[in-house]
Amino acid sequence: MSKFAAPRKSLGQNFLQDPNIINKIVEGLGITKTDTVVEIGPGRGALTELIIPQAGHTHLIEFDRDLVQHWQSRAESNDSLTVHGVDVMKFDLDEIIGTTSKRLKVIGNLPYNISSPVLFHLMHYADAIEHQVVMLQKEVVERMASGSGSKQYGRLSVMLQQRYQIENLFKVPPTAFFPPPKVDSAIARLTPLRDIPHPVTSQTNFEKVVKQAFSMRRKTLRNTLKGLLSSEQIESLNIDPSARAETLEVSDFAALSNTYTMNEEST
Ligand code: SAM
């Protein structure tokens, strides 16, 4: 009999069981002995057991009480392992960032129901992260990595591409898990851009402009951005007010958002 309780659906517990895929995911992180690695949701340790011997220090963030207990007893006999028994959404990564001078490497086979919120939570710490390798629903990875003009290009693509280089590494079929999920998965690597090519003066306004521009995909910018920017202002940025959001580049959204911020500041 397994020493673990049955997988909890409410916590998105689909555990990896395919050794080739497990190897490939961990390879994607490129761990060295001087690295501090953070794993979100170690579960029963499919990735963790490979990470611990390769890393300088490993931090685990796990929410399931039974699994936290399991990892805490492992940490008692391993100085290079620290366990944080908390909801990742409530965890302040500065607690770990403060313990090392090197940027962190972050990895996680994330519960699908909170995958986008976790990505946005990690964005706050992008300066202190070398890169992050995450498993997500295949369609979410496609949306993250797609370029303007494609059907999948949307709010998630723009928000993440403004801050990260995004690579869609490979697909993972449901058979690689126990129990198998109902959807296909994929592995993405997100590397924070060090010299942000299209900086924004207000992250809040950038989020607001991008959200509003994509709120009705069939409508023109003139309509969706009404109340935020006038047609003249959009045109002054060399952007056609009758264009739709899906045809714009990240640089266009940054320019729109920065003009909106100037508007706000001058009123
Ligand atoms: N890494 C393991 C693997 O690949 O087999 C487990 C992956 S499983 C899809 C997701 C893991 O995240 C589970 O261990 C689950 O308990 C944990 N988890 C779910 N919600 C969480 C949260 N809010 N904060 C931290 N961990 C969470």
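The values are calculated or read from the model by the stated rules, or taken from the named source; none is laboratory data. Please read all numbers here as calculations on a predicted model, not as lab measurements. Every residue, glycine as well, gets a Cβ built from its backbone with ideal geometry; the counts of neighbours run over all protein chains shown. Each accessible area value is taken on the protein alone, full model and side chains, heavy atoms only, with ligands, DNA and RNA left out. Shrake-Rupley method; radii C 1.70, N 1.55, O 1.52, S 1.80 Å.
Things to note:
- The range 120-132 residues that are without any contact (Cβ under 8 Å) to a residue 40 or more places away in the chain, paired with ones that are buried (at least 17 other Cβ atoms within 10 Å of the Cβ) and of a type in the set (Lys, Arg) (beta carbon under 9 Å, 6 or more apart): ALA128/ARG103
- Among the residues making up the range 1-31, those that are over 12 Å from ILE107 (Cβ atoms), among the charged types (D, E, K, R) and surrounded by 12 or more Cβ atoms within 10 Å (Cβ to Cβ) are ARG8, ASP18, LYS24.
- A single member of SER115, SER157, SER146, SER150 is within 16 Å of the ligand (Cβ to nearest atom) and closer than 30 Å to PHE253 by Cβ, and it is SER115.
- Any chance THR261 is part of a loop (DSSP other than H, G, I, E, B), touching a residue at least 60 places away in the same chain (Cβ under 8 Å) and either over 24 Å from ALA145 (Cβ atoms) or not assigned by TED's automatic domain parsing to the domain that holds LEU47 (or both): no
- Condition check for ASP195: free of Cβ contacts under 8 Å to residues at least 60 places away in the same chain, buried (at least 18 other Cβ atoms within 10 Å of the Cβ) and more than 30 Å from PRO19 (Cβ to Cβ): no
- The range 42-60 - residue that is open to solvent by 30 Å² or more (accessible area, probe 1.4 Å) and within 13 Å of the ligand (Cβ to nearest atom) and, of those, nearest to LEU81 (Cα to Cα): GLU49
- Answer from THR259, THR224, THR220 - the residue that is touching a strand residue (DSSP E or B) at 6+ places or on another chain (Cβ under 7 Å) and either modelled with pLDDT of 95 or more or among the aromatic types (Phe, Trp, Tyr) (or both): THR220
- Subset of the range 221-251 [open to solvent by 40 Å² or more (accessible area, probe 1.4 Å) and without any contact (Cβ under 8 Å) to a residue 24 or more places away in the chain]: ARG222, ASN223, LYS226, GLY227, SER230, GLU232, GLU235, SER236, LEU237, ASN238, ASP240, SER242
- Note on the range 210-230: residues that are out of contact with any Gly (no Cβ under 7 Å at 6 or more places or on another chain), at negative phi and part of a loop (DSSP other than H, G, I, E, B) total 10.
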